[in-house]
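J.: After the C-alpha cells below, expect a handful of questions from me.
The values are calculated or read from the model by the stated rules, or taken from the named source; none is laboratory data. Note that the structure is predicted; figures quoted are calculated from it, not measured. Counting neighbours? That spans all protein chains shown, and the Cβs are built from the backbone with ideal geometry, glycine included.
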Amino acid sequence: MTRHFWVLVHRYAGLYMAFFLLVAGLTGSILAFTEELNGWLNPPEKITLQPGPRLDEFALRERAEALQPHGLVNVLNFKRKPDEAYTAYFEPQTDPATGKPYPLPFTQLSLNPYTGAEISRDKPSDDIWPITRKNLLVLIIRLHYQLALPGMIGTWLFGIAALVWTIDCFVSVYLTFPLTVRRHRQGDGKPQKSWWARWQPSWLVKWQGSAFRINFDLHRAGGLWVWLMLLVLAWSSVGFNLGEQIYQPVMKAIFNMHNPYTALPELETPKPKPALSWQDAYRTAQDQMAEQARINGFNVLHEEALQYDAGKGVFFYIVHSDRDLRDEFGGTWLVLDGATNKFGGLYLPTGQNAGTTLSSWIFALHMAMIWGLPYKLFECFVGIVIAMLSITGVYIWLKKHKARQWSRQHKKTRLVNQSATEDLRFTDLENS
C-alpha cells in the first residue's frame with residue numbers, strides 16, 4: 001500500500017511537471033552555452049587600440065552622465081578588455097515635479113575608453129516579439145524559467161514545478177529500489193540475491209525489449225544515472241523562482257545561512273546619490289577588502305565592479321577571489337555604507353558558511369559556470385535527458401492508462417455477459 005501511494009504521487013507529479021521540464025530541459029541544454037551564444041549574437045563593440053592610456057572608469061562614468069543628465073550610472077565594471085568599448089547602463093532619476101522616473105531617450109551608452117567620445121547609444125527593450133538577434137537569447141532565458149509568460153504567472157508555475165520536482169527526486173529513486181523479499185532460500189535451492197544485485201537491473205536498458213520496455217528502462221535508468229544532477233537542478237530552480245518564499249527560509253533553518261545583502265534594511269526614502277564620492281568609496285572598499293582578506297585568509301585575484309544600491313544606500317565592491325567557484329565572474333563582495341563609510345558585511349561564496357557554500361555550488365552547477373567546456377557539454381546532455389524523461393514518462397502513463405481503460409471495459413463487458421447468461425438460465429427455468 002505504501003509503494004502504491006508513492007507510485008500515484010510520482011505519476012501525478014510527473015504529469016504536472018512534464019511540460020515544464022520538457023521546456024526547461026531543451027532550453028537549458030542551449031543556455032549551457034549562454035556566454036558563447038551571447039558573444040556570437042551580440043558581440044561587444046570593438047575599438048582600435050591606441051598608444052595612450054585609457055581613461056579610468058570614474059572619468060568615463062562622469063562623461064556618460066554628462067550625456068544623459070536625467071540618468072545615473074550605478075555600476076562600474078573594472079574588468080575590461082583593451083579593444084572593447086566602455087558601456088554605461090543608466091537608471092532614471094526621479095522627476096521632482098511628478099515624483100516619477102524621467103523617461104530616458106536611451107539607457108545604454110558606448111564610449112571610446114581612450115578619448116571618452118560617444119560611439120553609440122541604445123535603449124534595449126524587454127519585448128520578445130518580433131524575434132531579433134538582440135532578444136533571441138532573452139526569449140530562450142524567459143522560456144526556461146517562466147514560459148515567457150507576462151508578469152509572475154510563469155515564474156510561480158515553474159517554481160511550483162521545481163518544488164514538486166525536488167520532492168519527486170526522492171520519490172522516484174525510492175520507486176527504483178527492489179521490492180523487499182523474505183530472507184530465505186528460494187524454492188530452487190539457490191540463495192537469495194543481495195539487495196544491490198536486485199537493484200542492478202534498474203540501471204540498465206533492455207534494448208531488445210518491446211517499445212514499452214525500452215521507454216520504461218530509459219525513464220528509470222536515465223533518471224538514476226543523472227539523479228544527483230537532477231536534484232541539484234531541481235532545488236536550485238526553487239532558489240531562482242521561489243527564493244524568498246521557500247529556498248532561503250529552508251536553507252536558513254537547516255544551515256543558518258546568512259546573506260549580508262538581504263540582512264540590510266530598505267531605506268524609507270531611497271538615496272539616488274550617495275553622500276560618499278565614488279572615488280572615496282572605491283579607495284575605502286579596496287582597503288576594507290584587503291583587511292578582510294587578511295582576517296579571513298583569502299586572496300583577491302582581480303577586481304570586478306563597484307555598484308551602488310539607492311534603495312539600501314550602500315556600495316558593493318565585487319572582486320574575484322580564490323574562494324570563488326565561477327570561472328569568469330567574481331562572487332566575493334563587501335558592503336560599504338554610502339553615507340558613513342563604514343564596513344557593512346562580507347560575502348564569500350565558499351568557506352564562510354555551509355549553507356552559502358552549498359548554494360554557491362548548486363547555482364554554479366545550474367548555470368554551467370564552472371569547469372569550462374567539458375561541464376557545459378555535460379549539462380547540455382543532462383538537459384536532453386530531462387526532456388527524454390518527460391517524454392518517456394508521459395508515454396508510460398498513456399500506455400498504462402489505456403491498459404487500465406481496456407481492463408475496466410473488459411471487466412464491465414464480462415459482467416454484462418455473465419448477467420445476460422444468468423437471465424437466460426432463469427428464463428429457461430421459468431419456461432420449464
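J.: Taking the range 1-35, which residues are under 17 Å from the mean Cα position of the chain (by Cα) and of a type in the set (A, V, I, L, M)?
T.: 17, 21, 22, 23, 24, 26, 30, 31, 32, listed by residue number.
J.: Here's another thing I want to ask about it. Hey, could you check the range 204-218 for residues that are free of Cβ contacts under 8 Å to residues at least 24 places away in the same chain and part of a helix (DSSP H, G or I) and say which is surrounded by the most Cβ atoms within 10 Å (Cβ to Cβ)?
T.: Kept after step one, since they are free of Cβ contacts under 8 Å to residues at least 24 places away in the same chain, are these residues of the range 204-218: 204-211, 213-214, 217.
The next check asks that each one be part of a helix (DSSP H, G or I); those that pass are 211, 213-214, 217.
On the way: 211: 9, 213: 13, 214: 15, 217: 19.
So the residue we want is 217.
J.: Among the residues of the range 304-336, count how many are of a type in the set (D, E, K, R), touching a residue at least 40 places away in the same chain (Cβ under 8 Å) and either farther than 26 Å from residue 81 by Cβ or surrounded by fewer than 19 Cβ atoms within 10 Å (Cβ to Cβ) (or both).
T.: Going through the range 304-336, the residues of a type in the set (D, E, K, R) turn out to be 304, 309, 312, 322-324, 326-328.
Within this subset, residues satisfying the condition of being touching a residue at least 40 places away in the same chain (Cβ under 8 Å) are 304, 309, 312, 326-328.
Going one step further and asking which of them are either farther than 26 Å from residue 81 by Cβ or surrounded by fewer than 19 Cβ atoms within 10 Å (Cβ to Cβ) (or both), we end up with 309, 312, 326-328.
Final tally of qualifying residues: 5.
J.: Let me ask something additional. Output the residues belonging to the range 357-391 that are of a type in the set (S, T, N, Q) and surrounded by fewer than 20 Cβ atoms within 10 Å (Cβ to Cβ). Outline the logic, then answer.
T.: Here is the first cut: in the range 357-391, the ones of a type in the set (S, T, N, Q) are 357, 359-360, 390.
If the condition is that a residue be of a type in the set (S, T, N, Q) and surrounded by fewer than 20 Cβ atoms within 10 Å (Cβ to Cβ), then 357 is the only one that fits.
J.: Can you work out which of the residues in the range 230-279 that are at pLDDT below 90 and among the β-branched types (Val, Ile, Thr) is nearest to residue 146 (Cα to Cα)?
T.: Result: 262.
J.: Select the helices (runs of 4 or more DSSP H) contained entirely in the range 219-285, then report the ones holding at least 3 residues which are in contact with a Ser or Thr (Cβ under 7 Å, 6 or more places away or on another chain) and farther than 30 Å from residue 342 by Cβ.
T.: Numbers: elements: 227-241, 248-255, 260-263.
In the range 219-285, 227-241 are the helices (runs of 4 or more DSSP H) which contain 3 or more residues that are in contact with a Ser or Thr (Cβ under 7 Å, 6 or more places away or on another chain) and farther than 30 Å from residue 342 by Cβ.
J.: What is the residue count in the range 41-72 for residues that are without any contact (Cβ under 8 Å) to a residue 60 or more places away in the chain, surrounded by 15 or more Cβ atoms within 10 Å (Cβ to Cβ) and hydrophobic (A, V, I, L, M, F, W, C)?
T.: The total comes to 3.
J.: Do we have any residue at all in the range 97-112 that's over 21 Å from residue 46 (Cα atoms) and among the hydroxyl-bearing types (Ser, Thr, Tyr)?
T.: Within the range 97-112, the first condition is being over 21 Å from residue 46 (Cα atoms), and the residues that meet it are 97-105.
Now narrow it down to the ones that are among the hydroxyl-bearing types (Ser, Thr, Tyr): 98, 102.
Scanning the range 97-112 turns up at least one residue that is over 21 Å from residue 46 (Cα atoms) and among the hydroxyl-bearing types (Ser, Thr, Tyr).
J.: Restricting attention to the range 406-415, does a residue exist that is surrounded by 10 or more Cβ atoms within 10 Å (Cβ to Cβ) and modelled with pLDDT under 65? It would help to see each step written out before you state the result.
T.: Residues of the range 406-415 surrounded by 10 or more Cβ atoms within 10 Å (Cβ to Cβ): 406-415.
With the extra rule that they be modelled with pLDDT under 65, the set shrinks to 415.
Scanning the range 406-415, I find at least one residue that is surrounded by 10 or more Cβ atoms within 10 Å (Cβ to Cβ) and modelled with pLDDT under 65, so the answer is yes.
J.: Let me ask something else. Among the numbered criteria (1) touching a residue at least 40 places away in the same chain (Cβ under 8 Å); (2) surrounded by fewer than 18 Cβ atoms within 10 Å (Cβ to Cβ), which one does residue 14 miss?
T.: It fails just one condition, (2).
J.: Please name all residue pairs, on different chains or six or more residues apart, with Cβ atoms under 7 Å, provided the first residue is in the range 117-131 and is more than 17 Å from residue 151 (Cβ to Cβ) and the second residue is surrounded by 12 or more Cβ atoms within 10 Å (Cβ to Cβ) and acidic (Asp, Glu).
T.: Partner pairs satisfying both residue conditions: 119/45; 120/45.
J.: Also: Mind listing just one residue for me: the one in the range 244-262 that is within 18 Å of residue 348 (Cβ to Cβ) and without any contact (Cβ under 8 Å) to a residue 24 or more places away in the chain and, of those, farthest from the chain's Cα centre (by Cα)?
T.: To start, the set of residues in the range 244-262 that are within 18 Å of residue 348 (Cβ to Cβ) comprises 248, 251-252, 255-262.
Okay, now just the ones that are also without any contact (Cβ under 8 Å) to a residue 24 or more places away in the chain, so 248, 262.
Details: 248: 14, 262: 19 Å.
For the range 244-262, the residue satisfying everything is 262.
J.: Are any of the residues in the range 292-303 more than 20 Å from residue 353 (Cα to Cα) and either surrounded by fewer than 17 Cβ atoms within 10 Å (Cβ to Cβ) or of a type in the set (Gly, Ala, Ser) (or both)?
T.: Within the range 292-303, one or more residues are more than 20 Å from residue 353 (Cα to Cα) and either surrounded by fewer than 17 Cβ atoms within 10 Å (Cβ to Cβ) or of a type in the set (Gly, Ala, Ser) (or both).
J.: Further question on the same structure: Quick check, is residue 91 among the charged types (D, E, K, R) and within 22 Å of residue 309 (Cα to Cα)?
T.: Numbers: among the charged types (D, E, K, R): yes; within 22 Å of residue 309 (Cα to Cα): yes.
Criteria met by residue 91.
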